[in-house]
Every structure is written in C-alpha cells, then in structure tokens.
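Everything below concerns the one structure shown next.
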Amino acid sequence: MLIFQAAAVPSGAPSPDSDIVVVARQVAGAKRALEACIARQCLPNEEIRAALVYSTRQFLAGDYTAARQTLMKTRHRTAKFDAQYPVAVSDLHRALNSLANLDGHPDAARLSAFDATDALRAGLAPDHPLILLQRLDTARQFAREGHLESCTQILNNVVSKAHKQGYYSVEAQALFQGAALFAALATADPAYRNAAKLWRNRIADRTENEFGEYRDALKLLDAQIATLAVRRRDRDRVLANSKPIATTEAMLLREPEVRDFGLVGTDANTKPEWADVAFWVRADGSVADVMVLGRSKSLPGAWLARKLTAVAGRRYAPLKNPVDRRGMYRVERYSMVYPLLPITESRIPVRSGRGHLETTDITLAYRQPPAS
C-alpha cells in the first residue's frame, strides 16, 4: 500500500532503534512540502503524492486521526479530478480505507473502498484490469468485517469478468484470494474446510501460465488445511515439511490463537495503542529474535505480551535461498483499534470498550540490522 511505502527511511538511517525517530523528525518536513505544493497550486496528482507521504509519517509517529484528516482534506480538493487522474485519486481513497480501519471507522473504510473503484471507473476503460484489482480490495474489506457472502460475491464476479476478458492473472489472484481466505477460516473453524477445498480446486486444474505461481502456492494452503487432521502439538511439524518457496514476502501459515486481545481498562479505548515489533523469519519458517522497537505514548495493555508470544509461535512457509542467512527481516505494527459505535441519543460518537488488533507491515520504515 502506497501510504506505508511512501515514508521509507533513507538508507543512511543509523540503526533500527533510531529509525522511528528519523521518521518522526521528517513529519514537519513532509508537512512543509505538502503546504508548498498546495500554495503553488500544484497538479492534483502531485498534491496526492505529497499528502500520502505526510500522512504516512503522521501514522508512523502514532497520530492516526491527524493522518486520516490530512488525506480527507486532500480528498475534498482533488475528488473532482477522478477522470483526469483516476489512478492517483484511487490511491488516495485506498489509503483512506487503510487509515479509516486503523482509526476505528469501518463504515468510512467501506465507502473509501467503493470510492477507489469509482475513481478508476471515471477515467479508465470499463474493462480495465485495474478496476477488477481494486474490487479485490473491496472484497478484503468485506472479509475484514465478517461479511463473507458479500466478499465471495465480489470475488466470483471478478473471476467471471476477468476470465471473459482474458485477464488470467487477475482471475488467478481472485481465485487465490478466495482460497487463502477460506483456508485461513478453516484453520480456526473446520466448517470452512469444504469451501477452502472448492476454491483451491478452481486453481489446481488451470494450465495457463498466469496460474503457475498460484498452483505452487496451493501447496501452502494444503499444508494449512492438513493441520486440521493432526493433533495440535504436531501441526508445526506438518507445516515445517512444506516445500520451500522463492518469495520476497514471508507467507504466514499459522499463528497460535490468542483470545480476548481487546479487553481494556478505563480510558485505554480513547488513546492510540500500538507497538512496532521486529522479528526474523528463519529459513525453516520459524520465528526468532522478536523485539519491540517502538510503542505508543499510551502504553499498550496486556495484549502486547500475548501478541509477542503469538508472534514467536508463528510458522511461515519455508524460504528458498533467502538473501540473508538469518532469513527474512520483518517489522509489523500492531494497533489496538476500538471502533466507533453508532451515534447515540447524545449524538456524541463513542468508541467500543472492546478492541481488535490490526497488523500493518512497516518493514520499509526500519533499516534491517547488520549481521553480527
């Protein structure tokens, strides 16, 4: 997602534990750049880019509400330029979708997902593949909210249109998204096992070149489903025997379940709670060296200790020929999000007393530590 790539720390950053300080110092500079862009009446796509950089730095500094407001102001100034800059405006709405989820505004997040699609439709050909790919983001939003029927309807619609138009790579992505979704659900609830198999079988027999990498990835989904048939203590062994894959991204297969992340205290649900956590994914898919690099001013509650234990117990797909002998370095931000509840008689929106954890990959915001 562009919003989280736009503020990667320069390669000259001294070390991981100081990287976030570097980013925080860059907030003011990014603000000045956006203000200068607006003052000289820069092109809409230029303002959007500057706003994405600024809001990303605000997010990394922990000011989620301000980051979202930055993008909303730019949205009001540039929304009428959908037809001229469909991709840039769509990027803006997609970033708003991410920040709305992180700031506890699920309704606004859903609308932003729709707006991102509408922006592309305003300026691109009706059958353009980017429109179909954006609809996959909308499907993810519905899945996040637990609306599986709406999610699968969108996925099937994208599959049908992509196949008809010959966009086999898009079709493969949509099918794999469905297969991965139901495989993940099946690991928590065996009732979804048949649905996971049906989705994976829609990929397994396809022979087009665009389906090649997804057929290989099916082996990982099969390993996830296979763990349902063995005792809990044997599940890591099954996953460890998965075939190594060549990838630039770590593919998570399992994380020990932790319940009641969202139990809160007095006013914890009114202030941002987050932590940046670094770890290494070893070549065999296990996790090592879990470390907290930064955290919010409002100290995270007991959920952080439970999450650290869960991260240490993760199992990823084994890595094939990792660039670093230590494996693959990752930094993730865990944000405890307390959604806004429907407006009550007082007309003052309040946040739920029970939150849920959101995970954001922010590896690019930290420099990988040198080998010892």
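Every residue, every condition in (1) hydrophobic (A, V, I, L, M, F, W, C); (2) assigned to a helix (DSSP H, G or I), yes or no:
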position	(1), (2)
73	no, yes
76	no, yes
89	yes, yes
93	no, yes
104	no, no
107	no, yes
Check: For the stretch 68-85, what are the residues that are modelled with pLDDT under 95 and open to solvent by less than 20 Å² (accessible area, probe 1.4 Å)?
Finding: 78
Margin query: Is it the case, given these coordinates, that residue 112 is surrounded by 21 or more Cβ atoms within 10 Å (Cβ to Cβ), hydroxyl-bearing (Ser, Thr, Tyr), in contact with a Phe, Trp or Tyr (Cβ under 9 Å, 6 or more places away or on another chain) and within 21 Å of residue 335 (Cβ to Cβ)?
Written below: no
Item checked: Single residue of 135, 215 found to be modelled with pLDDT under 90, open to solvent by 30 Å² or more (accessible area, probe 1.4 Å) and either of a type outside the set (S, T, N, Q) or part of a helix (DSSP H, G or I) (or both) -> 215
Checklist line | Enumeration of residues in the stretch 47-71 that are in contact with a Leu (Cβ under 7 Å, 6 or more places away or on another chain) and hydroxyl-bearing (Ser, Thr, Tyr) | finding: 54, 55, 64
Notebook entry, point to check: Could you list, in sequence order, the residues of the stretch 292-328 that are under 16 Å from residue 371 (Cβ atoms) and either without any contact (Cβ under 8 Å) to a residue 40 or more places away in the chain or touching a Gly at 6+ places or on another chain (Cβ under 7 Å) (or both)?
Noted result: 322, 323
Margin query: Regarding the stretch 172-192, can at least one residue be identified that is free of Cβ contacts under 8 Å to residues at least 60 places away in the same chain, β-branched (Val, Ile, Thr), surrounded by 16 or more Cβ atoms within 10 Å (Cβ to Cβ) and in a helix (DSSP H, G or I)?
Written below: no
Item checked: Number of the condition not met by residue 182 [criteria: (1) at pLDDT 75 or above; (2) out of contact with any Phe, Trp or Tyr (no Cβ under 6 Å at 6 or more places or on another chain)] -> (2)
Note to self: So, residue 315, is that one under 21 Å from residue 366 (Cα atoms) and either acidic (Asp, Glu) or at pLDDT below 95 (or both) or not?
What the structure shows: no
Item checked: Single unsatisfied condition, residue 158 versus (1) under 17 Å from residue 253 (Cβ atoms); (2) open to solvent by less than 50 Å² (accessible area, probe 1.4 Å); (3) touching a helix residue (DSSP H, G or I) at 6+ places or on another chain (Cβ under 7 Å) -> (1)
Item checked: Unmet requirement for residue 31, which otherwise passes all of (1) crowded, with 19+ Cβ neighbours inside 10 Å; (2) touching a Phe, Trp or Tyr at 6+ places or on another chain (Cβ under 6 Å) -> (1)
Margin query: Quick check on the stretch 278-294. Is at least one of its residues among the small types (Gly, Ala, Ser) and closer than 24 Å to residue 63 by Cα?
Written below: yes
Item checked: Filtered residues of the stretch 270-302 (kept if out of contact with any Asp or Glu (no Cβ under 7 Å at 6 or more places or on another chain) and closer than 20 Å to residue 317 by Cβ) -> 278, 281, 282, 283, 284, 285, 286, 287, 288, 289, 290
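The values are calculated or read from the model by the stated rules, or taken from the named source; none is laboratory data. Predicted model only: the values in this text are computed from it and were never measured. Reconstructed Cβ throughout: ideal geometry from the backbone, glycine too, with neighbour counts over all protein chains shown. We work out accessible area using only protein heavy atoms, side chains counted, and drop any ligands, DNA or RNA first. Shrake-Rupley method; radii C 1.70, N 1.55, O 1.52, S 1.80 Å.
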